[in-house]
Every structure is written in C-alpha cells, then in structure tokens.
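Engineer: Got a structure here, written out as structure tokens. Questions coming.
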Amino acid sequence: MSGFGFVPGEFFNAAGGRNSSNELITLDALRESSRTFLAPHEILPVGIDDQLAVKEALDLAELWLDDATVFPATTTNADVAWSRKDWLDSSLAGWQKMVEPLAEGMATALSTVLTEMTRELGGSDPEGMDPEISNEVRDAISENLGLPQGFPMGGFTVDAINPIMRAFMGSLVATQLGLSVGGLALKITGSHDVSLPLFAQPGSHLIPQNINEWAKDLEIDPREVRYFLSLREAAAARLFAHTPWLASYIQDCMTQYGKGIRIDIESIQRQAEDALASGELDINNPASINVAINQGMFMPEQTVQQAGALEKLEMVLALIEGWVEQVVTMAGKNRLPAFVSLHEMQRRNRATNSPAQQLFASLLGLEVSPRKSRECSTFWGELVSLGADSVTGIQLRDHRWEDSALLPTLKDLADPSGFIKSTTVPDDLSGLL
C-alpha cells in the first residue's frame, strides 16, 4: 500500500467517517500527491517582467481573435502569468470534480465483489466475518498497516466493506490523478493547454517557465512564440467561458463509464495463473506486476455503455482541440511570420505528448487520436467556408457550441454541408405547410 504513495491509516480513518464532505477524492489527498510529484522539480517564481510580457501577448491575441470567433474575450485579473504551482493549485478542484464519478464507479465495483465474497465466507450470517481478534494480533496488524494503536480491527462485516472500499479507491485514484496532474504542471504552457474546462471562471494565463522550455530549441523570436501560445490560450478560454454545459457533459461521460465498471475475479485469476505459468508474471517482483497491469493484463472487457461513453468523450475532446486549432489559424496565420513552424511543432507535440491524451490513457485507457483532432479542425474550417461570407461562416461554426445536441458525430465530419442542412431550421418554413 505504501508503494501506491499513501499511508494505509489515512483511508481507514476516512472509512471511519472522518471525511466529513463524503468525497471519494479529497482535495487534501489530491494536493499532497501532486505536490509530492512536483517537489523535486524546479519552480521558478513569476516576476513583474513576466507579468508584463504575458499581458502584452494576451492583449494582442484577444484583439486578433475578435476577427476569428463570435465568442467575446474573457475577463482576467492582473496575474496573467502563473508558475507551475499556481496552475496546479488553481486546477485541482476542477480535476477532482471531473474524475470523482470514475472513482465512484471503481469503488462500487470493488465493494460489490468483496461483499459477495464476504457473504460466501460468512455463510448466511453476515456477522460470520466478525471473529474475535486478540490484542496481540490487533497490535501486529496495526503496526504493519501504519494504523493507530487500538484501531478497531473487529467488526469487519458486510456493512463495513463499502466505506472502506470507498476510502481505499478514493486514495488510490487521488494518488494516480495527483501524479498525472503534477506531471502536466511541468509541460503545459497555459491554464487551458489540456483543452478541458477545469475552471469555474475561465480566464487566460500563461506559464513562462514552461513556455521557455517549449521554445528553447527554436530559432524563433520569443515574443512570437508567446503570441502564438497566447492565441491558443485565449481561444480556449473564450470557448469554455461561453459553453458552461461542457464541464457537466464531460463529467456525465465519466459517470456513464464509471457505472459500467465490473470486476471479474474468475477472469483475473485465470489470467494471473496463465501469466505465472508462462513466466510473464512474477508475483515476487512488483515491477513485473506493474508492467502487467499497465499492459492491460487484468483489464475487463468494456461494456457497450462504456464504449459509448468513451466515444462521446473522445469526440468532444477532439472537437475542442480542432476548434481551437482552426480559430488560432484564422487569427494568426497571416500575422505571425513563423506561424507554420509553430503550428507544426504544436501538432507534433500533441501527437506524441498530448497532456489530455496522457491523462485519459492512464485513467481510462482512452487514446485521443491526433488524426481525429485534425479531422475536426478541417471540419470547423469547412463550416466557415459554407457561410455567405467569413462573418456568417464564423457564426455558423460557433453556434454549434450552443448545445451538445448541435455538435457533429464522427459520421458528420465527412459531410459538413449535409450536417448543416440536417441541424439548421430554414428561414422560410412555407414549404413545410
């Protein structure tokens, strides 16, 4: 348990009702895990010069974006430049809310399995799993698990399983999520670089330390790099500020996926026995077990419900990324001399090192296809071209974000014109009478 990065006593305490908010993933656990990951890495402070440079870049980006989208600029405070730690602390509440349904589904699945096993072992009497435990055994268990002396080890009944499993799974997911978010803090260039609506009030912020790392091998004026990344940041902030339903839509996808989680003990046993017999798995080698899990050895088959949730999630993430890319191209292609080089570098980075892709791959096994993001970018551009002029085309594109029902499906990407006809009410309805 210590190998997972948390103290066993903590989740037993949570199981005892000490988590008054009844949240599976507590902000304290998430913050501790992410900060632990970030601690060995350098965190440069943000100075006045950083604030002025970022403010100048964002102001220019907002001016250029006015011609590329109907969504107005968001309001931002004076602190537009963030450190790695600033982004981490500001985004944790959004991560917690987004991933909580997944932890709930995992906890429910694990609790269901253990409840069934407990009832089998205890026979018809649920109290059959409540033997007397001597003080010596209790103290030995408490010492090995890091529990406080005198922790009540008796009373392990069916009713006790659910809170314990909720606390365990909450700690486990908080640790994994915290490590992932801590890793993202080292790479992202702006508060919305993960292309997810994490903030209750979206505003534009850049992370100068990470921007310098991103551009260190480029022979391009640093100001031009800031202008390009400011366009991406400000465009995403505008989209999220004016699509408040997006956060709950993504959370609903996570909830739908989580409800479909099932644990097949017999299948896991068969896979483990086969792997042990072939030498693929060494039960005495933690690294071997970790490799097996990461390769999906014990991953249950997805249900139809889960597959549908992942398809919706991947599609909306690709639509977000594609929209930002298309809007940034409209706003900056003819204004930044190095736009093509910067654009291609951004595409390559996100194809091999996408922040959102890494996170969802670790949590859900979901790979957001770079190809699908490019197809969505092309789709949004073709919608603009269908307008009578650029202004009408931009309105046609951006009004698709008014409701999730107006967004295209995978099939719609190949036929933008047909999609518009099927989702637009004609001005003249006389032909329908």
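The values are calculated or read from the model by the stated rules, or taken from the named source; none is laboratory data. Keep in mind that this is a model prediction, so the values were computed, not measured. All Cβ positions, even for glycine, are placed from backbone atoms using ideal geometry, and neighbour counts span all protein chains on display.
Engineer: Return the pair list, or none, for Cβ contacts closer than 7 Å from residues in segment 208-234 that are touching a residue at least 24 places away in the same chain (Cβ under 8 Å) and at negative phi to residues that are polar (S, T, N, Q) and surrounded by fewer than 23 Cβ atoms within 10 Å (Cβ to Cβ), at least 6 apart or on different chains.
Structural biologist: GLN209/SER83; ILE220/SER341
Engineer: Related question: Suppose we filter THR36, THR75, THR69 for residues that are part of a loop (DSSP other than H, G, I, E, B), of a type in the set (S, T, N, Q), farther than 18 Å from ILE207 by Cβ and modelled with pLDDT of 90 or more; which single one remains?
Structural biologist: Answer to the check: THR69.
Engineer: Got a number for residues in segment 359-376 being crowded, with 20+ Cβ neighbours inside 10 Å, at pLDDT below 85 and either in contact with a Ser or Thr (Cβ under 7 Å, 6 or more places away or on another chain) or under 9 Å from ALA318 (Cα atoms) (or both)?
Structural biologist: 2
Engineer: Return the pair list, or none, for Cβ contacts closer than 6 Å from residues in segment 44-73 that are under 28 Å from ARG400 (Cβ atoms) to residues that are at pLDDT below 95 and outside any loop (DSSP other than H, G, I, E, B), at least 6 apart or on different chains.
Structural biologist: none
Engineer: Among (1) free of Cβ contacts under 8 Å to residues at least 12 places away in the same chain; (2) touching a His at 6+ places or on another chain (Cβ under 8 Å), which single condition is THR76 missing?
Structural biologist: (1)
Engineer: Assigned by TED's automatic domain parsing to the domain that holds ALA247 and modelled with pLDDT under 90: does that describe ALA405?
Structural biologist: no
Engineer: Collect the residues in segment 415-433 that are in a helix (DSSP H, G or I) and modelled with pLDDT under 50, keeping them in residue-number order.
Structural biologist: Passing the criteria: SER430, GLY431, LEU432.
Engineer: Which ones in segment 78-97 are of a type in the set (D, E, K, R) and part of a helix (DSSP H, G or I)?
Structural biologist: Those that are of a type in the set (D, E, K, R) and part of a helix (DSSP H, G or I): ARG84, LYS85, ASP86, ASP89, LYS97.
Engineer: Which one of these is over 26 Å from ASN210 (Cα atoms), among the small types (Gly, Ala, Ser), part of a helix (DSSP H, G or I) and touching a helix residue (DSSP H, G or I) at 6+ places or on another chain (Cβ under 8 Å): GLY393, GLY322?
Structural biologist: GLY393
Engineer: Taking the residues in segment 286-313 that are part of a loop (DSSP other than H, G, I, E, B), of a type in the set (S, T, N, Q) and at pLDDT 65 or above as candidates, determine which candidate is surrounded by the most Cβ atoms within 10 Å (Cβ to Cβ).
Structural biologist: GLN302
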